[in-house]
Amino acid sequence: QVQLVESGGGLVQPGGSLRLSCAASGSIFNIYVMGWYRQAPGKQREAVARATRGGLTVYTDSVKGRFTISRDNAKNTVDLQMNSLKPEDTAVYYCNSVPPSDQLWGQGTQVTVSS
């Protein structure tokens, strides 16, 4: 069973950047769509971005133009470059398949955007 480990979160000022990384313990090639999700305090988990095996990407409206998802099937990683961060981007970020699998949720990585 593949396990996913997220990293790269931290505290950043508004307007700053972070790069999140999701490392899989096995091959993600057979997972057609991989995505990043986030959950802010008191809110439901939401999908942020997704990438197909072939590299097609989709973003939720609130992050379009600011976030970039990239997937490396050879390295079994899925990254999320986040620029122009806003306080409302504060959340725990997770990677998972799309649709998500209960078996793939990791511990996530905390992103806090604050001055």
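Counting only residues that are open to solvent by 40 Å² or more (accessible area, probe 1.4 Å) and farther than 14 Å from S70 by Cα, how many does region 24-45 have?
9
Residues checked against (1) within 10 Å of the chain's Cα centre (by Cα); (2) hydrophobic (A, V, I, L, M, F, W, C); (3) open to solvent by 60 Å² or more (accessible area, probe 1.4 Å):
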{"position": "T52", "(1), (2), (3)": "no, no, no"}
{"position": "K64", "(1), (2), (3)": "no, no, yes"}
{"position": "A74", "(1), (2), (3)": "no, yes, yes"}
{"position": "Q81", "(1), (2), (3)": "yes, no, no"}
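Has region 85-107 got at least one residue that is within 12 Å of the chain's Cα centre (by Cα), surrounded by fewer than 16 Cβ atoms within 10 Å (Cβ to Cβ) and part of a strand (DSSP E or B)?
Checked against the condition, which is being within 12 Å of the chain's Cα centre (by Cα), surrounded by fewer than 16 Cβ atoms within 10 Å (Cβ to Cβ) and part of a strand (DSSP E or B), region 85-107 yields no hits at all.
Where the second residue is of a type in the set (D, E) and the first is within 15 Å of Y59 (Cα to Cα) and lies in region 75-90, which pairs have Cβ atoms under 8 Å and are six or more apart or on separate chains?
Partner pairs satisfying both residue conditions: V78/D72; D79/D72; M82/D89.
Anything in region 2-23 that is part of a strand (DSSP E or B) and either touching a Gly at 6+ places or on another chain (Cβ under 9 Å) or open to solvent by 40 Å² or more (accessible area, probe 1.4 Å) (or both)? List them, or say none.
Residues satisfying the conditions are L4, V5, E6, S7, L11, L18, R19, L20, S21, C22, A23.
The values are calculated or read from the model by the stated rules, or taken from the named source; none is laboratory data. Keep in mind it's a predicted model, so treat the numbers as computed, not measured. Cβ atoms come from the backbone with ideal geometry, glycine included; neighbour counts cover every protein chain shown. Heads up: the accessible areas ignore ligands, DNA and RNA and are worked out on the full protein's heavy atoms, side chains in. Shrake-Rupley method; radii C 1.70, N 1.55, O 1.52, S 1.80 Å.
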